[in-house]
Amino acid sequence: MTKKIVVTGIGATSPIGGTAAESWDALIAGASGAKTLAHDWVAQYELPVQFAAEAKVRPEEVLARPVAKRLDPSSQFALIAAMEAFADAGSPELDSERLGVDWATGIGGLWSLLDAWDTLREKGPRRVMPLTVPMLMPNAPAAAVSMHFEARAYARTVASACASSTESIAAAYEHIQAGYADVVIAGGSESAIHPITLAAFSSMQALSKRNDSPETASRPYSIDRDGFVMGEGAAALVIESEEHALARGARIYAEIAGGGVTADSYHITANDPEGRGASRAVEMALAQAGATPDEVTHINAHATSTPVGDVAEYAALRKVFGDRIDSIPVSATKGATGHLLGGTGALEALFTILAVKNRVAPPTINLSEQDPEIPLQVSGSAQELGSEPQLAISNSFGFGGHNAVVAIRSYDA
């Protein structure tokens, strides 16, 4: 029997806010999280890109120092978002063997790995921290969240580049349906604003180089877009069956109605130009939701602000929705937050949940002149969605040809 799966808690630490509510308010207000980086290493390495969207609230301002010292920043962000989401869900009391964690990261403990390498080169092997491996491993954020909440059903990690945390939410849906857990903490985190990533993404011409105007650099669908802006942070959802949520008197934000996960098997970095994998992921999510494309009222697009990527996603969406795609309210929230890599899908799913709950599509900022090749219904202002029941999709696509989509329905019980 298929269960209705609902969201009862949300949490985030992002480039535009230290909490989910602060991030949402800033998003609706049209804020940008991108700023010039105030780190010595920017000049030291003569980086061609000198800005990014760092988390607005630093993790050491939230976590106790002994806790923070044992975790890579990717795990610190994960724990902060998960703590907020679990508290927001009313800190559900249940058998620890019925609480699971589906977490995601695209890269993992990058800072811990490269700091340890620097220490080894400069000071020798005896000075490398004993906790280096537990801090750098990609499953460290999932482990940190699991141990903090004593979640013993399972603690799984998805690492599918920029599709990672959307895939983790789709996995949580399936794990609850299969009876592996009653409640799941799902989400993703990333902390990869580092000289090596900025240099590497710059080398492949993926990052915007608007050093003179970082706040306007992330500009999805704008005809003059020139690349994405690196972001960091985390977002978390508490997900459970409707039956379980109602039995404990929980507040329900929205329904996770379905998910779709596919692979392009086309190119390590480029999208399939025909959009076959991405469109199939959308179709799978809608099929799992028992819905048709005609029922979709809102889309939170992956839309990274790269010249090729935004067009490819439009082609995939048009493959599913036909001409109707140009009349569906679309939001490209990376204009505000930058691209959180493995954490981006969870943050955008959170924004989509609040969009269907509040009946408003967030604005797409920095859209100076819309690319005529992408005639979507996007706006620099928030778009009202109407009072009728809502069905939205949130898209994520990653290097390696990973595609992940979740379908989110307003909860109107």
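The values are calculated or read from the model by the stated rules, or taken from the named source; none is laboratory data. Quick caveat, the model's predicted, so the values are computed rather than measured. FYI the Cβ positions are ideal-geometry reconstructions off the backbone, even for glycines, and counts take in every protein chain you see. Ligands, DNA and RNA are excluded from the accessible area calculation, which covers all protein heavy atoms including side chains. Shrake-Rupley method; radii C 1.70, N 1.55, O 1.52, S 1.80 Å.
Structure summary
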read-out: Cα-Cα over 32 Å, subset of K4/K319; K56/K209; K209/K357; K69/K357; value: K209/K357; K69/K357
read-out: Stretch gain in nm, segment A270-S327, where the contour uses 0.36 nm per residue and the Cα spacing is subtracted; value: 17.8 nm
read-out: Separation of alpha-carbon centers, the stretch 320-344 and the stretch 64-113, rounded to whole Å; value: 26 Å
read-out: For the stretch 374-384, Karplus couplings with θ = phi - 60° (6.51, -1.76, 1.60), whole Hz, Gly/Pro x; value: 10, x, 6, 8, 10, 8, x, 10, 4, 10, 5
read-out: Euclidean distance between Cα centres, the stretch 280-302 to the stretch 169-198, Å; value: 20 Å
read-out: Residue-averaged 222 nm ellipticity for the chain, from DSSP H runs of 4+ at -39500 (n - 2.57), nearest 500; value: -10000 deg cm²/dmol
read-out: DSSP-loop trypsin sites (Lys or Arg not before Pro) across the stretch 311-365, with at most 11 other Cβ within 10 angstrom; value: none
read-out: Descending principal axes extents, the stretch 40-169, alpha-carbon based, whole Å; value: 50, 35, 29
read-out: Loop chymotrypsin sites (Phe, Trp or Tyr not before Pro), the stretch 1-55, which have at most 14 other Cβ atoms in a 10 Å radius of their Cβ (DSSP); value: Y45
read-out: Surface per residue (accessible, 1.4 Å probe) for the chain, Å²; value: 39 Å²
read-out: Under the Debye formula (equal points on every Cα, no solvent term), log10 I(q)/I(0) of the stretch 337-413 at q = 0.19, 0.22, 0.24 Å⁻¹; value: -0.97, -1.17, -1.25
read-out: Gyration tensor over alpha-carbon atoms, the stretch 119-208, equivalent ellipsoid semi-axes in Å; value: 31, 22, 8
read-out: Probe 1.4 Å, all protein chains present, accessible-area order of M129, M284, largest first; value: M129, M284
read-out: Shape category assigned to the stretch 272-383 from the gyration tensor of Cα positions, a/c cut at 1.5; value: rounded
read-out: Where only C-alpha atoms are counted, convex hull volume of the stretch 92-250 per residue in Å³; value: 150 Å³
read-out: Values of log10 I(q)/I(0), in the order q = 0.09, 0.17, 0.20 Å⁻¹, for the stretch 194-344 under a Debye, Cα-only, solvent-free model; value: -0.36, -1.12, -1.35
read-out: Along each principal axis, Cα extent of the stretch 219-271, largest first, Å; value: 50, 27, 20
read-out: S265 - accessible surface, heavy atoms, 1.4 Å probe, Å² rounded to 10; value: 110 Å²
read-out: Given 12 as the ceiling on other Cβ atoms within 10 Å, longest exposed-site-free region of the chain for GluC sites (Glu not before Pro) in DSSP loops; value: 151-368
read-out: Percentage relative contact order, the stretch 87-179, counting C-alpha pairs under 8 Å, at least six apart; value: 43 percent
read-out: Cut-off 19 Å, label 7 Å out along Cα→Cβ of S368, residues of the stretch 36-71 by amide N; value: 36, 49-52
read-out: Ordering of 296-307, 195-206 by burial proxy (mean other Cβ atoms within 10 Å per residue, highest first); value: 296-307, 195-206
read-out: Cubic angstrom per residue, convex hull over Cα atoms of the stretch 242-295; value: 122 Å³
read-out: Calculated on alpha-carbon atoms, Rg and Dmax of the chain in Å; value: 19.9, 64
read-out: Solvent-accessible ranking of T292, T19, largest area first, probe 1.4 Å; value: T292, T19
read-out: Apportionment of accessible area to carbon and sulfur, the chain, percent (1.4 Å); value: 52 percent
read-out: Distant-in-sequence amide H partners of Q383 (H built 1.01 Å from N, under 5 Å); value: A361
read-out: Alpha-carbon Rg with Dmax, taken over the stretch 280-337, Å; value: 11.7, 34
read-out: Counting all C-alpha pairs of the stretch 23-104, share separated by more than 20 Å (%); value: 57 percent
read-out: Loop trypsin sites (Lys or Arg not before Pro), the stretch 153-256 (other Cβ atoms within 10 Å of the site Cβ: 13 or fewer; DSSP); value: R251
